[in-house]
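What follows is a short report on a single structure.
The values are calculated or read from the model by the stated rules, or taken from the named source; none is laboratory data. Please read all numbers here as calculations on a predicted model, not as lab measurements. Cβ atoms come from the backbone with ideal geometry, glycine included; neighbour counts cover every protein chain shown. To get the accessible areas, we keep the full protein, side chains included, count just its heavy atoms, and leave off ligands, DNA and RNA. Shrake-Rupley method; radii C 1.70, N 1.55, O 1.52, S 1.80 Å.
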Amino acid sequence: MSQTKRAWKLQEFVAHGNNVNCVALSKKSGRVIVTGGEDRKVNLWIVGKPNCLMSLCGHTTPVESVRFGHEEEMVVAGSMSGALKVWDLEQAKIMRTLTGHTSSIKSLDFHPYGDYCTSGSLDCNVKLWDIRKKGCIYTYRGHKNGVNCVRFSPDGKWIASAGEDGIVKIWDITAGKILTDLTYHTGPVNIVEFHPNELLLASGSSDRTVKFWDLENFNMVSTTDGDSTPVRNILFHPEGTCLFSGTKDLLKVYSWEPSKCYDSIPVNWGEVADIAIGHNQLIGTSFSQTNVSTFVVDLKRVQPFGGIPHQEGGSNLSSSRNKFITERPPTQSSRQASVPKEDVEEPTQDKEDQDNDSFEIANPEDYREIFRPKSRLSHSPTRPVEPFQPPPDDGMFPAKQVSSPRSFNRQISSERKGSTERKSTTPLRKGHISKSVSDDGDMEPVRQPAPTRSNRTTKSSNKLPAKPVAKPSPRAPEEDKSGISPEDFLPKGGGNEGYTGLGKMPSEAEAFTTLSSGHEAMAKVLAHRSKNLQIVRAMWTSGNTKTAVDSAISMKDPSVIVDLLNVLNLKSGLWSLDLCSCLLPQVQDLMDSKYDSYVTAACEALKIILRNFGPVIKSNLTAPPSQGVDISREERYRKCRQCYENLSIIRSKVAQRGGTPEKVGQLLREIQILMASMD
């Protein structure tokens, strides 16, 4: 097993029957995940296990935001309609349904020690809720655009809100008013976090920076250098020694006085959704369509806790900054008195609570272990919590000593080419180990196969001296050590015909002319496509989706249709029977495309149509005729008939392409199964 990996992928699992919209980790242990999806469910998972722990139902629209309580005893989820639901995980029941927002909820947080929570929404408002009395205590207004993140301060007296307008606002809960605006970001602010002890706030933005703010004078302490991608998530170390920043496929560790980067760790998590710390490991999670992935970073091999220092590494200076007073108020009345009252709703039992809410426990043993530890006897054994271990080495490639990831890429290219020529199936020889490089650039042992008869003779007659980088054996001139041939990028024929790497290289001007040929035409195509998309976007944002779709169809540009389908596939709630009848002819044309990306977008759209509207189409076509004249029913029947005819044509095309390999083939097989229900 590798002992040198700093980051690795732990698991990937299907979390929902439809697209996942939000994921959150428990901050106390980092071992429990809550997910929300388009299927309107809230599911709980144990990190490292593939099976769902429990499923919480009740929302009537897609779930857009989720959050654990500080002690992992509660979960709150916000939906696209603006409703919140709070579940008590210990009692296995729903506590409250809270309504008041007029648009989708983007962020949630629990009060450090009171029975309150806060929410930020696309309606530009921040609300403070009393969970016990089931009402909105106060609404904080001031953002000019949607609110992306809300957080309580450690002492529970302030709320920080991050807006799409690029502003961070600090709200005084007791006074019910704004304290200050923090305005130095030049793009939307995606995340804010309070320091666990000091009067310090950090904010991460789409302007690719993390900024640190002194909460005594509300001045900016420092800012990081711009990253290559927007900052999606940040987290202070529990001891407050550093800050972790998650961007696309990268984790960075920062200090703030002065602003220096301790370390930078590549992690293939894409757009990270949440991070947490437990047992000297950082757990990260991300999602794509219906899948959720988890990743582990070993903090013992990361600066400033261990490992090789980053080239920009620095250390925080001892700070004289004041600290939050986090001692819990002694009485219930003191908590009650510290919050302003505004429009408190009377506690009533919603009909929605009675009819739709349910609590399904899939794994009772794990549920009792995690959420009901107090019910266990004091002498009952508990499961030891061990750090996650890196995956074992797979020994895919014969190992050579390499000095950099670039050299490793050359090695892989050369070995793959050599294995194609030799077609060797020699088994691995036990105990034969040398060094290779893991995904994040660290050295790790990899098993080396025993030499074959053909290369054993070569090795015996050509002894190589032991050096950090193995000297390559003599090879034919046409094989470049990088595995890339220059003629791949040069036109066939003319002065470069037959070029093998030994002939005359073209001049810089000739090479530039060759590579830039066709650039102007491609630029015009992309500019035209961008113009079309801007037109569709303008109609879309005006609120008329059908008009935007009709406009895209009239452009007769398949790439615009594909872009539109990709948006609709991510938000399946936007589909309607009207859109199905309009877009199915376009999907039918895309199924004949030679581009896999076009076919994939069409297949994903077909899956949504068949799942959501297949039963509707079938029931309308098989229903007996109605008495009298029903114009709306006749119109619905016409659309269903049109959809059925298009689906029948598509079905024959899918059957013809049934042998397609890899991802497209898998999608086609899924569509064939779904279409069987239309018979």
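So Thr139 fits all but one of (1) out of contact with any helix residue (DSSP H, G or I) (no Cβ under 8 Å at 6 or more places or on another chain); (2) part of a loop (DSSP other than H, G, I, E, B); (3) surrounded by fewer than 18 Cβ atoms within 10 Å (Cβ to Cβ); what number is the exception?
Checking Thr139 against (1) out of contact with any helix residue (DSSP H, G or I) (no Cβ under 8 Å at 6 or more places or on another chain); (2) part of a loop (DSSP other than H, G, I, E, B); (3) surrounded by fewer than 18 Cβ atoms within 10 Å (Cβ to Cβ), the one that fails is (2).
On the given criteria, is Asn21 under 22 Å from the mean Cα position of the chain (by Cα), over 24 Å from Ile191 (Cβ atoms), polar (S, T, N, Q) and open to solvent by 10 Å² or more (accessible area, probe 1.4 Å)?
Values: under 22 Å from the mean Cα position of the chain (by Cα): yes; over 24 Å from Ile191 (Cβ atoms): no; polar (S, T, N, Q): yes; open to solvent by 10 Å² or more (accessible area, probe 1.4 Å): yes.
No; evaluated as a whole, the condition is false for this residue.
Scan the strands (runs of 3 or more DSSP E) fully inside the range 174-246 and keep the ones with 2 or more residues being among the polar types (S, T, N, Q) and over 20 Å from Asn148 (Cα atoms). Write out each step before concluding.
Working: elements: 177-182, 189-194, 200-205, 210-214, 219-223, 233-236.
Where strands (runs of 3 or more DSSP E) fall fully within the range 174-246 and carry at least 2 residues being among the polar types (S, T, N, Q) and over 20 Å from Asn148 (Cα atoms), they are 219-223.
Hey, Phe613 hits all of (1) part of a helix (DSSP H, G or I); (2) modelled with pLDDT under 80; (3) within 20 Å of Met591 (Cα to Cα) but one; which does it fall short on?
Single failed check for Phe613: (2).
For the range 20-41, state whether one or more residues are touching a residue at least 12 places away in the same chain (Cβ under 8 Å), in contact with a helix residue (DSSP H, G or I) (Cβ under 7 Å, 6 or more places away or on another chain) and closer than 24 Å to Leu250 by Cα.
yes
Quick test of your reading of the structure: Glu634 fulfils all but one of (1) assigned to a helix (DSSP H, G or I); (2) modelled with pLDDT under 80. Name the failing condition by number.
(2)
Any residue that is in contact with an Asp or Glu (Cβ under 9 Å, 6 or more places away or on another chain) and modelled with pLDDT of 90 or more - is there at least one of those in the range 302-317?
Yes, because at least one residue in the range 302-317 is in contact with an Asp or Glu (Cβ under 9 Å, 6 or more places away or on another chain) and modelled with pLDDT of 90 or more.
Examine the range 213-223 for a residue that is aliphatic (A, V, I, L, M), modelled with pLDDT of 90 or more, within 26 Å of Arg67 (Cα to Cα) and crowded, with 17+ Cβ neighbours inside 10 Å, and state whether such a residue exists.
yes
The rows are residues; the columns are (1) at pLDDT below 95; (2) assigned to a loop (DSSP other than H, G, I, E, B).
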{"position": "Val23", "(1), (2)": "no, no"}
{"position": "Lys28", "(1), (2)": "yes, yes"}
{"position": "Arg40", "(1), (2)": "yes, yes"}
{"position": "Asn43", "(1), (2)": "yes, no"}
{"position": "Met54", "(1), (2)": "yes, no"}
{"position": "Ser65", "(1), (2)": "no, no"}
{"position": "His70", "(1), (2)": "yes, yes"}
{"position": "Val86", "(1), (2)": "yes, no"}
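Could you give me the residue pairs with C-beta distances under 7 Å whose first residue belongs to the range 151-168 and is surrounded by fewer than 23 Cβ atoms within 10 Å (Cβ to Cβ), whose second residue is among the basic types (Lys, Arg) wherever it lies, and which are 6+ apart or on separate chains?
From residues that are surrounded by fewer than 23 Cβ atoms within 10 Å (Cβ to Cβ), the pairs are Asp165/Lys144.
Which condition from (1) in contact (Cβ under 8 Å) with a residue 40 or more places away in the chain; (2) farther than 25 Å from Thr285 by Cβ; (3) surrounded by 15 or more Cβ atoms within 10 Å (Cβ to Cβ) is the one that Leu251 breaks?
(2) is the only condition that Leu251 fails.
Of the residues Val567, Val616, Val599, Val629, which is free of Cβ contacts under 8 Å to residues at least 40 places away in the same chain, in contact with a helix residue (DSSP H, G or I) (Cβ under 7 Å, 6 or more places away or on another chain) and aliphatic (A, V, I, L, M)?
That would be Val616, the only listed residue that is free of Cβ contacts under 8 Å to residues at least 40 places away in the same chain, in contact with a helix residue (DSSP H, G or I) (Cβ under 7 Å, 6 or more places away or on another chain) and aliphatic (A, V, I, L, M).
Taking the range 554-572 on its own, how many of its residues are open to solvent by 40 Å² or more (accessible area, probe 1.4 Å) and either within 23 Å of Tyr644 (Cβ to Cβ) or outside any helix (DSSP H, G or I) (or both)?
The number of residues fulfilling the criteria is 3.
If you take the residues in the range 116-134 that are more than 29 Å from the chain's Cα centre (by Cα) and buried (at least 20 other Cβ atoms within 10 Å of the Cβ), which one is farthest from Lys85 (Cα to Cα)?
Applying the first criterion (more than 29 Å from the chain's Cα centre (by Cα)) to the range 116-134 yields 130-134.
Checking which are buried (at least 20 other Cβ atoms within 10 Å of the Cβ) leaves us with 130-131, 134.
Details: Asp130: 12, Ile131: 10, Lys134: 10 Å.
Among them, the one singled out is Asp130.
Working carefully through the options Lys144, Lys169, Lys177, find the one that is more than 29 Å from the chain's Cα centre (by Cα) and among the charged types (D, E, K, R).
Working: Lys144 fails: more than 29 Å from the chain's Cα centre (by Cα); Lys169 fails: more than 29 Å from the chain's Cα centre (by Cα).
Unique residue meeting the criteria: Lys177.
Applying the selection to the range 645-659, what residues are part of a helix (DSSP H, G or I) and open to solvent by less than 80 Å² (accessible area, probe 1.4 Å)?
Correct list: Asn646, Leu647, Ser648, Ile649, Ile650, Ser652, Lys653, Val654, Ala655.
Inspect all residues belonging to the range 108-115 and state whether any of them is surrounded by 20 or more Cβ atoms within 10 Å (Cβ to Cβ) and part of a loop (DSSP other than H, G, I, E, B).
The answer is yes; a qualifying residue exists.
If you go through the range 573-603, how many residues are closer than 24 Å to Glu64 by Cβ and outside any helix (DSSP H, G or I)?
Residues that pass the stated criteria total 2.
Report whether or not Asn148 is surrounded by 22 or more Cβ atoms within 10 Å (Cβ to Cβ), polar (S, T, N, Q) and under 23 Å from Asp115 (Cα atoms). Before you say what the answer is, go through the steps one by one.
Working: surrounded by 22 or more Cβ atoms within 10 Å (Cβ to Cβ): yes; polar (S, T, N, Q): yes; under 23 Å from Asp115 (Cα atoms): yes.
Spelling it out, Asn148 is indeed surrounded by 22 or more Cβ atoms within 10 Å (Cβ to Cβ), polar (S, T, N, Q) and under 23 Å from Asp115 (Cα atoms).
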